[in-house]
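A.B. asks: Take this structure, written in structure tokens, and hold onto it; I'll ask about it next.
No lab work stands behind these numbers, since they all come straight from the coordinates. For clarity, every value in this text was computed on a predicted model and none was experimentally measured. Here the Cβ positions follow ideal geometry from the backbone for every residue, glycine too, while neighbour counts run over all protein chains shown.
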Amino acid sequence: MLHQRTPVPSAKELILGINQGDTTALARAITLVESENQDHLAKAARLIEACLKPRPETMRIGITGVPGVGKSTFIETLGMTLIEAGHRVAVLAIDPTSTLSKGSILGDKTRMTSLSGHSKAFIRPSASGESLGGVARKTREAIILCEAAGYDVILVETVGVGQSETAVHSMVDFFLLLKLAGAGDELQGIKRGIIEMADAIVINKAEAANAASAKQAQTEFSRALHLYPPKSSEWRPRVLTCSAIENTGISEIWEMIGAYFQAIRKNSFLSAHRSAQNKQWLMQHLEDVLKSEFFGSETLKKHLSEWVIKVENHTVSPFKAAELLMAEYRKELK
């Protein structure tokens with residue numbers, strides 16, 4: 001017996017469902033905005049337009065760290081702590097996509113069993129694709145939809161495998177870097193850029209056996225942070241330790257995050273920061289649209305293939321080929 005595919009709800013139905021906190025409507029809406037199908041673009045745009053409004057009461061938190069640092073366990077323990085404190089938590093977990101097979105693990109729901117089963121939590125794993133920093137291309141839109149559905153804390157987990165974390169930093173309010181003690185990269189191997197972006201560094205897996213090395217790492221990172229210039233938020237980044245498995249240090253981390261949001265709401269940094277995020281969102285979207293239009297043209301695809309061969313054969317420079325391809329693109333626009 002063949003099963004009929006459930007029809008895609010209208011934008012109006014999805015908006016109504018999202019406003020009522022319906023997780024099925026929210027999940028389908030995120031699927032819609034992630035879709036590459038041209039027919040879905042207009043509906044997705046209407047969805048975002050209807051859900052887009054200032055929400056200074058929400059908290060957007062980015063969490064990064066190398067694989068094995070315990071991001072999923074940390075997020076689950078933190079998420080359950082937030083729910084107990086009366087919050088509704090959405091987790092946008094970005095899974096790595098293979099550059100060869102284009103496949104993705106998407107295993108965060110299976111790792112966060114307690115959180116994924118809770119009525120006040122929503123977990124959405126998304127493949128990172130080829131986007132910068134391991135952040136799914138439509139994560140900004142997913143944040144807006146989750147906030148419209150009533151989730152006041154949005155946790156964005158990044159892949160954390162060495163790409164630039166600039167992308168996630170540009171769409172959250174608070175950026176948390178998870179580290180391990182004794183991993184051999186306390187200060188030497190870590191990228192300066194990530195330290196500069198971090199609003200807090202948390203040494204995870206600080207169980208009894210690792211307590212001394214965690215304390216040592218905390219001291220070293222604290223000293224290092226004093227060497228960096230002050231942040232525009234006027235917040236001085238802090239270094240804390242925790243054990244997500246044993247649920248120790250988590251409440252202190254949440255208190256620190258709460259203090260951060262209290263400070264940036266008071267000094268108006270939050271509203272200015274989100275305005276800047278929207279500007280960056282516009283610029284990124286413009287780039288995506290132009291790229292999509294350029295590479296979506298059948299004529300240009302044909303010309304591109306021809307010029308690629310010439311560039312590979314050293315018969316023309318990449319600069320000349322690009323100039324001629326852009327000339328063809330401008331002709332199409334007329």
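A.B. asks: Any idea what diffusion coefficient region 1-51 gets from Stokes-Einstein, in µm²/s, Kirkwood Rh on alpha carbon pairs, 10 °C, 1.306 mPa s?
C.D. replies: 140
A.B. asks: For region 1-89, give the magnitude of the charge dipole about the Cα centre (Cβ charges: +1 Lys/Arg, -1 Asp/Glu; no others), in debye to the nearest 20.
C.D. replies: 140
A.B. asks: Okay, next question. Report the one residue of LEU286, VAL316, HIS303 whose Cα lies farthest in the direction of the positive end of the charge dipole of region 281-333 (charges on C-beta: Lys and Arg +1, Asp and Glu -1; origin at the Cα centre).
C.D. replies: VAL316
A.B. asks: How would VAL289, VAL69 line up from fewest to most surrounding beta-carbon atoms within 10 angstrom?
C.D. replies: VAL289, VAL69
A.B. asks: Would you mind checking LYS138/LYS331; LYS291/LYS331; LYS71/LYS138; LYS43/LYS331; LYS138/LYS334; LYS291/LYS334 for any pair whose Cα atoms are more than 25 angstrom apart?
C.D. replies: Distance filter (> 25 Å) returns LYS138/LYS331; LYS43/LYS331; LYS138/LYS334.
A.B. asks: Provide the gained length on full extension for the span VAL308 to ARG236, in nm with one decimal, where the gain is 0.36 nm per separating residue minus the Cα-Cα distance.
C.D. replies: Roughly 21.0 nm would be gained on extension.
A.B. asks: State the dimensionless ratio Rg/Rh of region 281-333 (Rg: radius of gyration of Cα atoms; Rh: Kirkwood radius).
C.D. replies: 1.04
A.B. asks: Of HIS314, HIS285, how do they rank once you tally other Cβ atoms within 10 Å and put the fewest first?
C.D. replies: Taking fewest neighbouring Cβ atoms as first place, the list is HIS314, HIS285.
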